[in-house]
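In what follows, a single structure is set out as structure tokens and then discussed.
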Amino acid sequence: GNNNEVIAIAENISANEDKIIHHGKRADAIVKGMLQHSRSSKGKKEPTNINALADEYLRLSYHGLRAKDKEFNAAMKTDFDQTIGNINIIPQDIGRVLLNLYNNAFYAVTEKKKSAEVGYEPTVSVSTRKMNDKIEIRVKDNGNGIPQKVVDKIFQPFFTTKPTGVGTGLGLSLSYDIVKAHGGEIKVETKEGEGSEFVIQLQD
């Protein structure tokens, strides 16, 4: 006959259910990320147009985020070196790296927009260029940048600068492993308050 207590218990059950679902999905994402880490790629290297791949995954990232959040918007800039021919890579794997970098860049500019001054234009830029026997891909954003004290940790598994429950901390770690497996390297240049630029170098 104690209706108030019954209502309170029911509300607690509902809140707990939401927490279980939320953390269950997070655990699922972490496990999937760990499996991707441990699984060797079955893809084969093939001649790939890196400019087309970079552009395709940029659009994929943008429209994927738009589908989740209709309020999301950002400018995209591309500067592709047309002298680059096809390069020998596993396109699905490098595509996954680019998708992760793009998603992070769009997240960074979206976060900055929440507290930025009027006139701030969220922008993600992608460029490629040929450098002797290497191909360089740069993914740049004008977000808040990465604090210098954590720059050395961002490629470590499970490290994330995102709030609890938002990131698994496996995206950049997996990206690092994929690029290394291709005989390339990935690094970041960042300035707090101004943005970040991820640089990938692959063998031509």
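The values are calculated or read from the model by the stated rules, or taken from the named source; none is laboratory data. Keep in mind it's a predicted model, so treat the numbers as computed, not measured. Positions of Cβ are generated from backbone atoms using ideal geometry, with glycine treated the same way; all protein chains shown enter the neighbour counts. Heavy atoms of the whole protein, side chains included, go into the accessibility calculation; ligands, DNA and RNA do not. Shrake-Rupley method; radii C 1.70, N 1.55, O 1.52, S 1.80 Å.
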What is the distance, in nm, between label points placed 7 Å from the Cα along the Cα-to-Cβ direction at Asp79 and at Lys19?
4.9 nm
Just to be sure I follow the definition: excluding the sites themselves, where is the longest run in the chain that has none of the trypsin sites (Lys or Arg not before Pro) in a DSSP loop with at most 16 other Cβ atoms within 10 Å?
71-204
Using helices alone, I'd like the mean residue ellipticity at 222 nm for the chain: each DSSP H run of four-plus residues gives -39500 (n - 2.57), total over residue count, nearest 500.
-15500 deg cm²/dmol
In the full protein assembly as shown, how much of His23 is accessible to a 1.4 Å probe, in Å² to the nearest 10?
110 Å²
In the neighbourhood of Ala74 defined by beta carbon distances under 14 Å, the net charge of the other residues (Lys, Arg +1; Asp, Glu -1) is +4
Between the modelled labels at Thr123 and Asn3 (7 Å from Cα along Cα→Cβ) the distance in nm is 6.0 nm
Built amide H within the under 5 Å cut-off of Ile89, gap 5+:
Glu46, Thr48
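Relative contact order of region 30-161, please, whole-number percent, based on alpha carbon pairs below 8 angstrom and at least 6 residues apart.
Details: 159 pairs, mean separation 33.7, N = 132.
Over region 30-161, the number comes to 26 percent.
If you wrap a convex hull around the C-alpha atoms of region 39-179 and split its volume per residue, what is the figure in Å³?
Values: hull volume 19.5 nm³, N = 141.
Spread over its residues, the Cα hull of region 39-179 gives 138 Å³ apiece.
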In order through region 128-141: 3J(HN,Hα) via Karplus (6.51 cos²θ - 1.76 cosθ + 1.60), integer Hz, x for Gly, Pro:
10, 7, 8, 10, 6, 9, 10, 10, 10, 10, 10, 10, 10, 10
With θ taken as phi - 60° and the coefficients 6.51, -1.76 and 1.60, list the Karplus ³J(HN,Hα) couplings across region 146-157 in order, rounded to whole Hz; mark glycine and proline as x.
10, x, 4, 5, 10, 4, 5, 9, 5, 8, 7, x
Short version: ³J(HN,Hα) in whole Hz for each residue of region 68-74, in order, from phi by Karplus 6.51 cos²θ - 1.76 cosθ + 1.60 (θ = phi - 60°), x for Gly and Pro, what are they?
7, 9, 5, 7, 5, 7, 7
For region 101-189, which GluC sites (Glu not before Pro) are in a loop by DSSP, counting at most 14 other Cβ atoms within 10 Å?
Glu117
